[in-house]
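Asks: I have a structure here, written as structure tokens, and I will follow up with some questions on it.
The values are calculated or read from the model by the stated rules, or taken from the named source; none is laboratory data. Predicted, not measured: the structure shown is a model, and the values here were computed from it. Neighbour counts run over all protein chains shown; Cβ positions are idealised from the backbone, glycine included. These area figures cover heavy atoms from the full protein model, side chains too; ligands, DNA and RNA do not enter into them. Shrake-Rupley method; radii C 1.70, N 1.55, O 1.52, S 1.80 Å.
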Amino acid sequence: MGKVAVGVAALAACAVAGVVVGRRVRSRRKWKRVVGVLKELEEACETPVGRLRQVVDAMAVEMHAGLASEGGSKLKMLLTFVDHLPTGSEIGTYYALDFGGTNFRVLRVQLGGRRSSILSQDVEQRPIPQHLMTSTSEDLFDFIASTLKQFVEKEENGSEPSSVRTRELGLTFSFPVRQLSIHSGILIKWTKGFAIEDMVGKEVVGLLEAALVRSGLDMRAAVLVNDAVGTLALGHYDDADTVAAVIIGTGTNACYLERADAIIKCQGHLITSGCMAVNMEWGNFWSSHLPRTSYDIDLDLESPNPNDQGFEKMISGIYLGDIVRRVILRMSQESDIFGPVSSRLSIPFILQAPLLAAMHEDDSPELKEVDKILKETLEISEVSLKVRKLVVRICDVVTRRAARLAAAGIAGILKKIGRDGSGGVAGGRSRSDPEMRRTVVAIEGGLYTRYMMFREYLHEALNEILGEDVAQHVILKVTEDGSGIGGALLAAANSSSGVDNVQLL
Ligand code: ADP
Ligand code: MG
């Protein structure tokens, strides 16, 4: 009896040991599979400086093509008709309306007649009611005009009335617009969830002004611009060496000052100052040199605009978290290191950029923030520290690629205008020339301003691409609220009272 008991115990022990060893082998195998997925991601996202330089060259080439003819490139290179920027001589009170997505803002800016002398600014932000996003243009603009009217009445209450002259407004409208002049343009298409069908193909300012008349508000829209152009205007107002502006927020775009003679498709239009701000719509840039993964391909295919906005889908805030979500989902499907596959992982855009940043920048030894976000947002709990570290690594790979590609885009613009030290197109100076001109790029957008790691990776890549000697002359300057204030400044610079044109380049 005793012998039997011992035998059974021995067998049981063997079985337990077998199970433990089997589990270990299986778990090692699963971990290996996950590491394989990570390796594949790392390789597909690689952005060595050589590859970035190819992207730089491709950007400059596409810029040329887009400037040569309509439809010459995926880069639309839209004319803005902004041929002089605020210089500081602007004086008086101007309004702006910043309409670009979830919120719209009305502003009143008092300018003091000197550079960087904004005497006061008042801002009011309103969410755009959901039902107006798919309503009619008349409903939308009546709502905007009445909000504007209330704002004007509140602001001017008690202060000196501006009855002497019609109030002037800068309209910042950040949707693809084909400009007809500096103060008129046709909506090409809606983006960001808007679908007011009767407005596509219509002239935007006319619709606003009709609503202003209906509301009885004496105001005229002096300019129609987008957020990148507004940011360029504020950048230039603060610092005359500003030559370009980049938006890296929910979406991404850039604009810059181009010589009139380089804008071949513009011939026939009168440009008084010798140059014009060009709205690149760079979110749509594409090149075979861009490091693309299977996750990017799936994200694009499942998006409402496949084959569109390829550069933006690798860079901007709305997409980064979704790339990370897709990687975690695949790892979760290939092994159980995240436990059973969470249904949350199949919800598009559930992982937003601020959460991605919070996980990436978690410096607690136990990665508590990662743990919390995995639990609360993705309903993944009880994962080991090793797995949490893996998540941070995924965030790092995706963000680093995005930031480095954005840097390559900026270097592409600098190359096009001869400010990359290569002695390029516009006869810039050589790398060693100490006389290289100071070059400022204005930047706005939450991904750049609020995500430190993103910003650091972008700066590091720009230094690598340009080299220290050149990079020291290139300043990236955060230009907050450029989209709104810039609109008011441009209204002032283009107001009916008129200011002198200046040579910009
Ligand atoms: P928009 O681009 O819509 O005009 P912003 O310039 O304020 O607005 O950018 C907001 C975007 O910036 C968000 O959609 C998000 O992608 C990103 N963002 C905001 N805060 C952070 C953050 N703390 N970390 C990372 N990304 C952020
Ligand atoms: Mg914005």
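Asks: Using only Cα atoms, locate the centre of the stretch 47-76 and the centre of the stretch 114-187, then give the distance between them in Å, rounded to an integer.
Replies: 35 Å
Asks: Follow-up. So if each residue of separation counts as 0.36 nm, and I subtract the Cα-Cα distance between GLU155 and THR134, what length gain in nm does that give?
Replies: Contour length minus the Cα-Cα distance gives 4.5 nm.
Asks: Given a 1.4 Å probe and the protein chains all in place, what does the accessible area of TRP286 round to, in Å² to the nearest 10?
Replies: Result for TRP286: roughly 80 Å² accessible.
Asks: Would you check the accessible area of HIS64, probe 1.4 Å, heavy atoms only, in square angstrom rounded to 10?
Replies: Approximately 80 Å² for this residue.
Asks: Residue by residue through the stretch 105-115, what is 3J(HN,Hα) from phi via Karplus (6.51 cos²θ - 1.76 cosθ + 1.60, θ = phi - 60°)? Round to whole Hz and write x for glycine and proline.
Replies: 10, 10, 9, 10, 10, 9, 9, x, x, 10, 4
Asks: Also, I was wondering about something else. Could you tell me which of rounded, prolate or oblate describes the stretch 75-124, using a ≥ b ≥ c as the square roots of the eigenvalues of the alpha-carbon gyration tensor, with rounded for a/c under 1.5 and, failing that, prolate when a/b is larger than b/c and oblate otherwise?
Replies: Cα axes put the stretch 75-124 in the oblate bin.
Asks: Taking the Cβ-Cβ separation of GLU456 and GLU46 as r and a Förster radius of 22 Å, what is the calculated FRET efficiency to the nearest 0.05?
Replies: Once rounded, the FRET efficiency stands at 0.75.
Asks: Using label points projected 7 Å from each Cα along Cα→Cβ, tell me how many nm separate GLU361 and ASP261, to one decimal.
Replies: 4.6 nm
Asks: So what is the relative contact order of the stretch 193-323, in percent, for Cα pairs below 8 Å that sit 6 or more residues apart?
Replies: 19 percent
Asks: Sticking with this structure for a sec: How long is the gain from ASP198 to TRP31 if the chain were fully straight, where each residue apart is worth 0.36 nm and the alpha carbon distance is subtracted?
Replies: 54.7 nm
Asks: Working from the pairwise distances between different alpha carbons, so that the mean of 1/r is found and then inverted, what is the chain's Kirkwood radius in Å?
Replies: Mean inverse Cα-Cα distance, inverted, gives 24.9 Å.
Asks: So what are the ³J(HN,Hα) numbers for the stretch 331-340, from phi and the Karplus equation (6.51, -1.76, 1.60; θ = phi - 60°), rounded to whole Hz, Gly and Pro as x?
Replies: With coefficients 6.51, -1.76 and 1.60, one gets 4, 5, 6, 8, 7, 9, 5, 9, x, x Hz.
Asks: Could you give the length gained on full extension between GLU70 and GLN125, defined as 0.36 nm per residue of separation minus the Cα-Cα distance, in nm? It would help to have the intermediate numbers written out before the result.
Replies: Details: separation 55, 0.36 × 55 = 19.80 nm, distance 3.62 nm.
So the extension gain works out to 16.2 nm.
Asks: If a/c stays under 1.5 just call it rounded; otherwise compare a/b with b/c (prolate if a/b is bigger, oblate if not). Do that for the stretch 313-380, with a ≥ b ≥ c from the square roots of the Cα gyration tensor eigenvalues.
Replies: oblate
Asks: With every protein chain left in place, what is the accessible area of ASP227 in Å² (1.4 Å probe, nearest 10)?
Replies: Only protein atoms counted, so the area is about 30 Å².
Asks: So what is the 222 nm mean residue ellipticity for the chain from helices alone, if each DSSP H run of at least 4 adds -39500 (n - 2.57) and you divide by all residues, rounding to the nearest 500 deg cm²/dmol?
Replies: Computed mean residue ellipticity for the chain: -14500 deg cm²/dmol.
Asks: Below 8 Å, C-alpha to C-alpha, sequence gap of six or more: please give me the relative contact order for the chain in percent.
Replies: Values: 948 pairs, mean separation 109.1, N = 505.
Reported as a whole number, the value is 22 percent.
Asks: Leaving ligands and nucleic acids out of the surface, order MET133, MET276 by accessible area at 1.4 Å, largest first. Working shown, then result.
Replies: Details: MET133 30, MET276 5 Å².
Order by accessible area, largest first: MET133, MET276.
Asks: Check which residues have an amide H placed less than 5 Å from GLU258's amide H, if you skip close sequence neighbours.
Replies: MET276, ALA277, VAL278
Asks: Also, I was wondering about something else. Taking loop as defined by DSSP and a crowding limit of 16 other beta carbons within 10 Å, which GluC sites (Glu not before Pro) in the stretch 266-344 fit? Please list the in-between numbers first.
Replies: Details: sites: GLU281, GLU302, GLU312, GLU334; in loops: GLU281, GLU302.
Here the sparse-neighbourhood loop sites are GLU302.
Asks: So what are the ³J(HN,Hα) numbers for the stretch 49-56, from phi and the Karplus equation (6.51, -1.76, 1.60; θ = phi - 60°), rounded to whole Hz, Gly and Pro as x?
Replies: Ordered by residue, 3J(HN,Hα) equals 4, x, 5, 4, 5, 5, 5, 4 Hz.
Asks: Would you mind getting the accessible area per residue of the stretch 113-247, heavy atoms of the protein chains only, 1.4 Å probe, in Å²?
Replies: Details: 5690 Å² over 135 residues.
Roughly 42 Å² per residue, with all protein chains present.
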